[in-house]
Amino acid sequence: MPLQSKAFQRWLHNVAPDASTADVCRVSGIKRTTLAQQLVRGKVAESTLVSISRAYGLNPVQELATFDLYAVLHGNPVPPTPAELVSQIATIDLLRAVVQRSEPGQAAPPGLSGTPHPTAVRNWVDAIDDGELRHRVSEATGIAPQNFSAHLTANRLPPELAIATSRAAGVGPAGGLVAGGLITEAEAGWPAEGRQDALDRMTLGEVVTLAGERLQALGKTLRRQEQDHERTERIWENLG
């Protein structure tokens with residue numbers, strides 16, 4: 001749920017009391033029309049606050065925590081679970097690790113790809129799901145299960161839904177914001193080498209199994225896309 005514009009304007013006045021809207025937009029890289037439209041609608045996107053916070057050298061997580069909706073972010077960062085860390089490792093990095101470990105003498109792969117990766121949201125939810133998580137999130141937020149699944153398929157998770165999912169899973173509140181790309185690992189207080197350390201602790205069998213599961217899921221997605229494309233083609237052919 002976007003931030004209420006009045007609350008956002010109070011926050012902005014505290015952050016940059018002498019700056020004009022033009023000044024704020026210039027240093028943060030936000031278009032003036034974008035900010036103006038959000039203020040007129042009365043709802044300011046969380047990403048806007050994140051961009052402004054970064055521009056003024058502030059931690060976006062701590063700044064979000066000043067709003068009631070994100071008060072759960074207050075306090076010391078909650079460390080991610082090992083499963084959460086692994087969920088934020090891209091599939092290509094898992095495959096590189098398999099090759100490097102399987103062939104003696106192979107050079108170590110380069111550093112891990114940045115976050116978020118193409119399936120980061122779904123992988124994060126899968127990593128913290130005990131089998132009933134989707135049901136609990138649906139009950140807590142009122143979102144229909146199919147709509148929640150649609151967010152995962154699109155690799156997008158609105159910040160307020162990410163917070164609700166974290167709460168329902170009993171994990172740190174910032175994990176979903178990292179997976180969704182709103183904030184970085186560092187801003188969330190995750191250890192700098194956390195993902196790499198989590199990967200290093202996995203056995204080769206565990207890495208192979210996880211990579212296989214990721215590839216299988218990717219294969220299903222690609223087949224659906226190909227089928228949708230074929231149906232579209234047939235429709236256009238029938239239309240002449």
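Ignoring lysines fewer than eight residues from LYS31 along the same chain, the ones with Cα atoms less than 28 angstrom from its Cα are LYS6, LYS43.
Evaluated with a Cβ-only charge set (Lys, Arg +1; Asp, Glu -1), segment 1-67 carries a dipole of roughly 240 debye about its Cα centre, given to the nearest 20.
Taking the centroid of alpha carbons for each part, segment 138-153 and segment 15-69 are 28 Å apart. Ranked by the mean number of other Cβ atoms within 10 Å of their residues, highest first, the peptides 111-121, 203-213 fall in the order 111-121, 203-213. With contacts taken as Cα pairs under 8 Å at a separation of at least 6 residues, segment 154-219 carries a relative contact order of 20 percent.
In sequence order, segment 81-90 has phi-based couplings of 6, x, 5, 5, 4, 5, 4, 9, 9, 5 Hz under the Karplus curve 6.51 cos²θ - 1.76 cosθ + 1.60, θ = phi - 60°, and Gly or Pro positions carry x.
Each Cα pair under 8 Å and six or more residues apart adds its sequence gap; the mean of these over the residue count of segment 70-196 is a relative contact order of 33 percent. 3J(HN,Hα) couplings calculated from phi for segment 108-124 with the Karplus curve 6.51 cos²θ - 1.76 cosθ + 1.60 (θ = phi - 60°) are, in sequence order, 4, x, x, x, 4, 4, x, 9, x, 9, x, 10, 4, 5, 4, 5, 5 Hz; Gly and Pro show x. With the Cα gyration tensor of segment 58-122 giving a ≥ b ≥ c as the square roots of its eigenvalues, does the rule (a/c under 1.5 for rounded; else a/b larger than b/c for prolate; else oblate) give rounded, prolate or oblate? It comes out prolate by the Cα gyration axes.
The charge dipole of segment 161-240, taken about its Cα centre with unit charges on the Cβ of Lys, Arg, Asp and Glu (plus for the first two, minus for the last two), comes to roughly 280 debye.
Rg over Rh for segment 74-173 works out to 1.06, both radii taken from alpha-carbon positions and Rh defined as the Kirkwood radius. Ligands, DNA and RNA left out, the accessible area of the chain computed with a 1.4 Å probe is 53% carbon and sulfur. Computed over segment 1-61, the P(r) curve from all C-alpha pair distances, binned at 10 Å from the origin, holds 24, 65, 11 percent per bin. In the chain, Cα pairs under 8 Å separated by at least six residues give a relative contact order of 20 percent.
Taking amide H as placed 1.01 Å from N in the peptide plane, the amide H of LYS43 sits under 5 Å from that of SER5, each at least 5 places away or on another chain.
Oblate is the label for segment 151-231. Its Cα gyration tensor axes, ordered a ≥ b ≥ c, give a/c of at least 1.5 and b/c at or above a/b.
Taking only the Cα atoms of segment 113-170, the radius of gyration and Dmax are 10.8, 35 Å. A simple charge model with +1 on the Cβ of Lys and Arg, -1 on the Cβ of Asp and Glu and nothing else charged puts the dipole of the chain at about 680 debye relative to its Cα centre. Relative to the longest principal Cα axis of the chain, at what angle does helix 32-41 sit, 0 to 90 degrees, rounded to 10? Compared with the principal axis, the helix lies near 80 degrees. Rank ALA107, LEU64, HIS13 by how far each Cα sits towards the positive end of the charge dipole of the chain (+1 on Lys, Arg Cβ; -1 on Asp, Glu Cβ) and give me just the farthest. Going by the charge dipole, the pick is HIS13.
Taking every protein chain into account, the accessible area of segment 27-70 amounts to 52 square angstrom per residue (probe 1.4 Å). Rounded to the nearest 500, the 222 nm mean residue ellipticity of the chain from helices alone is -18500 deg cm²/dmol, with -39,500 (n - 2.57) taken per DSSP H run of at least 4 residues.
The values are calculated or read from the model by the stated rules, or taken from the named source; none is laboratory data. What you see is a predicted model, and the numbers here were worked out from it, not measured in a lab. So basically every Cβ, Gly included, is an ideal-geometry build from the backbone, and we count neighbours across all protein chains shown. To get the accessible areas, we keep the full protein, side chains included, count just its heavy atoms, and leave off ligands, DNA and RNA. Shrake-Rupley method; radii C 1.70, N 1.55, O 1.52, S 1.80 Å.
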